[in-house]
1. Just the residues that are buried (at least 23 other Cβ atoms within 10 Å of the Cβ) and in a helix (DSSP H, G or I), please, taken from the range 441-472.
2. Can you tell me which of 540, 492, 526 is open to solvent by less than 10 Å² (accessible area, probe 1.4 Å), modelled with pLDDT under 95 and not in a loop (DSSP other than H, G, I, E, B)?
3. So how many residues does the range 556-589 have that are over 27 Å from the mean Cα position of the chain (by Cα) and assigned to a helix (DSSP H, G or I)?
4. Can you tell me which residue in the range 177-209 is most open to solvent (accessible area, probe 1.4 Å), limited to those that are more than 27 Å from residue 154 (Cα to Cα) and part of a loop (DSSP other than H, G, I, E, B)?
5. For residue 308, are the conditions met, namely being within 30 Å of residue 504 (Cβ to Cβ), part of a helix (DSSP H, G or I) and open to solvent by less than 70 Å² (accessible area, probe 1.4 Å)?
6. Give me a count of the residues in the range 210-246 that are crowded, with 19+ Cβ neighbours inside 10 Å and either out of contact with any Leu (no Cβ under 9 Å at 6 or more places or on another chain) or in a helix (DSSP H, G or I) (or both).
7. Confirm whether residue 535 is farther than 30 Å from residue 369 by Cα and in contact with a Cys (Cβ under 7 Å, 6 or more places away or on another chain).
8. Restricting attention to the range 365-376, does a residue exist that is under 18 Å from the mean Cα position of the chain (by Cα), open to solvent by 20 Å² or more (accessible area, probe 1.4 Å), modelled with pLDDT of 95 or more and among the hydroxyl-bearing types (Ser, Thr, Tyr)?
Amino acid sequence: MSLRLLSVALVGLCAFAAASAPAADPARGPDPALHALFDREFRRAQEEFPEVATLQGNHAFNDRLHDKSPAAIARRKARVKVVLRELEAFDPARLSGQDRVSHAMMRDDLRRRDAMNALFEGLPFGDGPGDGWLQVSPSFGPHNFLAMVARATPFRDARDYEHYLKRLEAVPRVVAESIAVMEAAMRAGWVPPRAAMLRVPAQVGAFAGDDPAATALYAPFRRFPAGMAEAEKVRLEMAGREALSRHVHPAFASLRRFLEEKYLPACREDLAASKLPGGAAYYRMLVAAMTTTDLDAAAIHEIGKREVARIRAEMERVIASTGFQGGFDAFVAFLRTDPRFYHASADEMLGHYRDIAKRADAELPRLFAELPRLPYGIRAMPAYLGDNAEHYTAGALDGSRAGFFEANANNLRRRPKYDMEAVLLHEAVPGHHLQIARAQELKGLPAFRRAAGFVAYSEGWALYAESLGEEMGLYQDPYAKFGRLSAEMWRACRLVVDTGLHAFGWTRDQAIRYLADNAGLHEATAIAETDRYILNPGQALGYKIGELRIKAMRAKAAKALGERFDLRRFHNAILDDGALPLNVLEARIDEWIAREKDKG
């Protein structure tokens, strides 16, 4: 299939099948054969990607790292076609409602992956987790992924440590395979822009020093379970130092040399994803996958500009309400320089976040008919992540490990107090933690749906959650209101900047200036964000597109149901199918509205 046809075929794939399928017979129960396929493929995915299994709470493969050899990647690419044929043998019209949604979700994801893999025909990289042509960037790579996995690994006894040691000993293989993928990508022209990659060698180099105890990968050997014999602790700690010094640190040193001496010199000068070998079709595919809509780059660019203008007007009104004498730029400069808006220590910041969390938790029953049971914690991001954005780390799928909001306390002068309420609502509750934990606890859905994630749904929900702060009694002072609007403006700017960079020829400096001037971002943050959009095309579009669609669904339901509209039940209608493509979600909300009307 040609690139043009591939991109046309992909646009809206995640929407149409489930949204337009004939109504299912409500009396039908789950299809045993279909669920057997779902369960088999979920188990297979965990075995293929044991690090993901660990993050999901399955510790059967904690002694392994995934195989990204050419043979393994080719096997996974072929598997996509095999499972797709199996799924297409099921008739959606003969499935129950949830089975029809599950079938469409898995089928359409496989179609997307198969279409993307076609761009890499004959090349030793693909669309699977960890299999892509870009193996390392400022925000991801084997260094920070391994550290994330280590934090999610249980260390209950000597056996857990032995498994972890085997993982550490496998690092040289994984790094060598990653280098081989990047070498093949270099030969085929699949390389990132150099300007956005300059920070990476130093980040990798932090895991390549002479001291085996200097990185997050050593952390498990700093603490041992109660009751472990002292001699066993000494043995395991020595084994950990040996594994890190003999295997892990030399592997990352070789990766750093490769990046500095070969990869960066081979990287591109141009920025646009549409300049890669896949052409403009590649970016169209990414836009469709990340937004799960049929919107094109031009439409998204215009939506972004309208949102930027709307939010800027709101920001100006908030500035006026403070009595500040000066314009927007002067107000931003004032916020950056006044010490009252910044914390003196990381502990003070974390305490402030925990206070916000307690206030947010207390308001949740007013907004949700049912809440997840899984708790969440608040902790500082590891220092090696530098100025990367705050994030949420999901709990285990079986509820055996809590979720965590990880706050960036690495540069306190770039993390003002007035942003914190919006950040907490986005990353914890009612944002990522509430949505993901609720999905994980849903009964009757196959495991792949309870673990599913779509950028536009998950990030759209989290951005929508920021706006709920008004109804939760937060944002009481004008500076917090300005912080929330700045966060929303940031996401609106992404629509303009991402499409500008990848479809309309924007320069890196142009993107940085647009973010700094409109969202009031610190220059360093604007640079880091711009590099993120350059290296992860399309991903940043999901936030604002998802939020706008969810707000539109709420308005539609409220209008259709009038006095019978129940916000608590609406929120659970959004959440209680797990993560969905946006157009599928819209169809499900239409069904919910119809059921609510039928209640009389």
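The values are calculated or read from the model by the stated rules, or taken from the named source; none is laboratory data. This one's a predicted model, so the numbers in the text were calculated from it and none came from an experiment. Note that each Cβ is placed from the backbone with ideal geometry, even for glycine, and that neighbours are counted across all protein chains shown. Calculation scope for accessible area: heavy atoms of the full protein, side chains included, ligands and nucleic acids excluded. Shrake-Rupley method; radii C 1.70, N 1.55, O 1.52, S 1.80 Å.
1. 456, 457, 459, 460, 461, 462, 463, 464, 465, 466
2. Going through 540, 492, 526 in turn, the sole match is 526.
3. If we filter the range 556-589 for residues that are over 27 Å from the mean Cα position of the chain (by Cα), which is where we start, we get 556-566.
Still in the list and also assigned to a helix (DSSP H, G or I): 556-564.
So the count comes out to 9.
4. So, considering only residues that are more than 27 Å from residue 154 (Cα to Cα) and part of a loop (DSSP other than H, G, I, E, B), the one most open to solvent (accessible area, probe 1.4 Å) is 198.
5. yes
6. The qualifying residues number 9.
7. When the stated conditions are applied, residue 535 does not pass them.
8. yes
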